[in-house]
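Peer 1: One structure, pasted below without further comment.
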Amino acid sequence: MSEAVTRTTLTTSPGLLASLDPLLREWLPRQRWFAGKGRPVTGFSLVAATELLPPGGKLGLYHLLVRAHQPLTPVPGAPEQPADCYQLVIGERVALPPRLAPALIGHVAEGPLAGRTVYDALYDTRPAELLLEALRAGARIGGLRFERDGSQEIRSGLVPRLVTSEQSNSSVVYGDTFILKLFRRVVPGVNPDLELPLALAREGCERVPAPTAWIGAELAGESYVLGVLQPFVQGAADGWELALRELAKGEDFAAAARALGRATAEVHTALARTLPTVTLGHAQVQQLVDGMVERLDTAAQAVPALRPYAPGLRAAFEALAGLAAEGCTWTAQRIHGDLHLGQCLRSPSGQWWLIDFEGEPSKSLTERRMPQPPVRDVAGMLRSFDYAAHSADLPVPGWAETCRAAYCSGYAQAGAADPRTDPVLLRAYETDKAIYEVVYEARHRPDWLPVPMSAIRRLAADSTTPSPATPSSPPSPRRPRP
């Protein structure tokens, strides 16, 4: 391992963060992965700063964990919410070459980096290479730990490239061999995006790329997972883009949906074998229903268009509570937690892979790690087919319904229970997902609000079966992520 990697100091001086503060206030809210959009940043506090390359040379490199302080609402004088912690890898040079122009954070006016230009170092080849070198060597740098699975080889000399598509984290691909996902908003504790793939690898499940290495930190007695390196599935097609291509050509997607259903069931079965399961009785189901009803009430306050449908949506949740009161029970286990077409890859050989087990970013780590009925993942995928159907240039009647049925059939063919045999549970989870989508679209993509609202109308009126109706009001923009 190079001297540059092993030479490190833990930087605790407030001068570093103070010099970056005005630049980060402008740059951070513009990033796709910044969670506090729409609210001003009132300040930063330093959790940790690690020097990865010494300052003063052609290139300096810092790893930062910083908390961004923001009020609960944009209203002046509003109380602040608990500050989110963000992972930043910041490079500093005298000036940026043109190839790094998209990475610019700004020019530092004062402090220890005065006169230097700082930028997002993941765009730069050398810093990205350094991270892979550290993982390959199993390095310890300040509070950072670079760990690896000794049974997998990490070759040197792999050329890195940053994935520039919109993501809630940042990913670097190394020579079409590995992909490193760096979590941007981090919390202490066990990250399911490392925990679950490791468990599935031990179980021998081949539907999820096994982690090769990972980055962690020990800070103030708490553990953080900062990044995961996994094999890169060469030539794989993102399930979302694949579905859109097939739609554009008017091709049938049912066979692919059926195979994806089988893959999902295989992952669920493996997770149930290797991690504990629990039985949900009346009290536990009532607690789940109470959470669904609370989310509905909050959403109806935020999105007036939802209010006329609230009684019918609440009935979907009450029907589930009613079954539990009659003595019905369900099994809960660890699941993906945020499953949709964009979280799936299909290799050139036709094999489906499931990726990104982090769970819904808006939920707490405790919530994301709770055992839940597997149908929650199924409901997320069914909603994703609905979104894909609205992204076609020319609507294909019945496309979403065919895919939904094929997916559920494939799920059952893999030996799991057919989700359609429990319509009350499936309807409740699909309703909860559609309500989440309504709030998201109203806040971020209002032109897309008709997509979940069409499902809301169906679910509010449907008391017997989860089969969808084709939405009749496609919005104008194209190709959103589900």
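Peer 1: Roughly what would the spin-label model give for Ala109 and Ala325, points 7 Å off Cα along C-beta, in nm?
Peer 2: The modelled label-to-label distance comes out at 6.4 nm.
Peer 1: Another question, if that's okay. Using a 1.4 Å probe, how large is the accessible area of Thr279, given in Å² and rounded to the nearest 10?
Peer 2: Thr279 has an accessible surface of roughly 90 Å² with all protein chains in place.
Peer 1: Then there is this: Considering only protein heavy atoms, with the full assembly of protein chains and a 1.4 angstrom probe, order Lys37, Lys181 by accessible area, largest first.
Peer 2: On the way: Lys37 95, Lys181 25 Å².
The ordering from most to least exposed comes out as Lys37, Lys181.
Peer 1: Å³ per residue of the Cα convex hull, for the range 257-360? Show your work: numbers first, answer last.
Peer 2: Numbers: hull volume 15.1 nm³, N = 104.
Hull volume normalised by residue count: 145 Å³.
Peer 1: Arrange the residues Glu430, Glu266 by how much accessible surface each exposes, largest first, with a 1.4 angstrom probe.
Peer 2: Of Glu430, Glu266, the descending order of accessible area is Glu266, Glu430.
Peer 1: Here's something else I'd like to know. Using a simple charge model, +1 on the beta-carbon of Lys and Arg, -1 on the beta-carbon of Asp and Glu, nothing else, what dipole does the range 334-394 show about its Cα centre, in debye to the nearest 20?
Peer 2: It works out to roughly 240 debye.
Peer 1: Starting from the Cα gyration tensor of the range 326-474, take the square roots of the eigenvalues, sort them a ≥ b ≥ c, and report rounded, prolate or oblate (rounded when a/c is under 1.5, otherwise prolate if a/b is larger than b/c, else oblate). Can you show the working numbers first?
Peer 2: On the way: a/c = 1.23, a/b = 1.18, b/c = 1.04.
It is rounded, given that a/c, with a ≥ b ≥ c, falls under 1.5.
Peer 1: Normalised by the residues of the range 147-252, what does the relative contact order come to in percent, with Cα pairs under 8 Å and at least six apart?
Peer 2: Numbers: 150 pairs, mean separation 26.9, N = 106.
Worked out over the range 147-252, it gives 25 percent.
Peer 1: Take the Cα coordinates of the range 394-454, assign each an equal point scatterer, and use the Debye formula without solvent to give log10 I(q)/I(0) at q = 0.17, 0.23 Å⁻¹.
Peer 2: Once normalised to I(0) and log-transformed, intensities are -0.76, -1.00.
Peer 1: So the label point goes 7 Å from the Cα of Gln234 along Cα→C-beta, right? Which residues of the range 341-364 then have their backbone N under 13 Å from it?
Peer 2: Inside the label zone: 348-349.
Peer 1: Order the following by accessible area, largest value first: Ser168, Ser19, Ser362. Probe radius 1.4 Å; ligands, DNA and RNA are ignored.
Peer 2: Ser362, Ser168, Ser19
Peer 1: Quick one: 3J(HN,Hα) in Hz for the range 87-96, Karplus 6.51/-1.76/1.60 with θ = phi - 60°, rounded, Gly and Pro as x.
Peer 2: Couplings: 9, 10, 10, 10, x, 9, 9, 5, 8, 8 Hz.
Peer 1: Could you give the distance between the Cα centres of the range 376-411 and the range 313-345, to the whole Å?
Peer 2: Their Cα centres are 18 Å away from one another.
Peer 1: List the residues, sorted by chain then number, that are 5 or more residues from Asp338 or on another chain and whose placed amide H is less than 5 Å from its amide H.
Peer 2: When sequence neighbours closer than 5 places are left aside, the close amide H contacts are Gly359.
Peer 1: Sticking with this structure for a sec: Taking N as the number of residues in the range 312-365, what is its alpha-carbon radius of gyration divided by 2.2 N^0.38 Å?
Peer 2: 1.67
Peer 1: Thr212's amide H: which non-local residues (gap 5+, or another chain) put their own amide H closer than 5 Å, with H modeled 1.01 Å from N in plane and none for Pro or chain starts?
Peer 2: For Thr212, the qualifying residues are Leu229, Gln230.
Peer 1: Could you please state, rounded to a whole Å, how far the C-alpha centre of the range 229-281 is from the C-alpha centre of the range 90-151?
Peer 2: 34 Å
Peer 1: Would you compute, from DSSP H runs of 4+ residues alone, the mean residue ellipticity of the chain at 222 nm, taking -39500 (n - 2.57) per run and dividing by the full residue count, rounded to the nearest 500?
Peer 2: -12000 deg cm²/dmol
Peer 1: Pop out the ³J(HN,Hα) list for the range 255-262 in order, Karplus 6.51 cos²θ - 1.76 cosθ + 1.60 with θ = phi - 60°, rounded to Hz; leave Gly and Pro as x.
Peer 2: Once rounded to whole Hz, the list reads 5, 5, 5, 5, 5, 5, x, 5.
Peer 1: Roughly how tilted is helix 375-389, in degrees to the nearest 10 and between 0 and 90, from the longest Cα axis of the chain?
Peer 2: 90 degrees
Peer 1: When a/c reaches 1.5 or more, the comparison of a/b and b/c decides; with that in mind, is the range 121-220 rounded, prolate or oblate per its Cα gyration tensor? Walk me through the numbers on the way to the answer.
Peer 2: On the way: a/c = 1.27, a/b = 1.14, b/c = 1.11.
Rounded, since a/c falls under 1.5.
Peer 1: Taking only protein heavy atoms and a 1.4 Å probe, what accessible area per residue, in Å², does the chain have with all protein chains in place?
Peer 2: 42 Å²
Peer 1: Taking all protein chains as present, what is the carbon and sulfur share of the accessible area of the range 286-377, in % to the nearest whole number, probe 1.4 Å?
Peer 2: The nonpolar share, carbon plus sulfur, comes to 53 percent.
The values are calculated or read from the model by the stated rules, or taken from the named source; none is laboratory data. This is a predicted model, so every value here is computed, not measured. A quick note on method: Cβ atoms are made from the backbone with ideal geometry, for glycine too, and the neighbour counts reach across all protein chains shown. Keep in mind that these areas ignore ligands, DNA and RNA; they rest on the heavy atoms of the full protein, side chains included. Shrake-Rupley method; radii C 1.70, N 1.55, O 1.52, S 1.80 Å.
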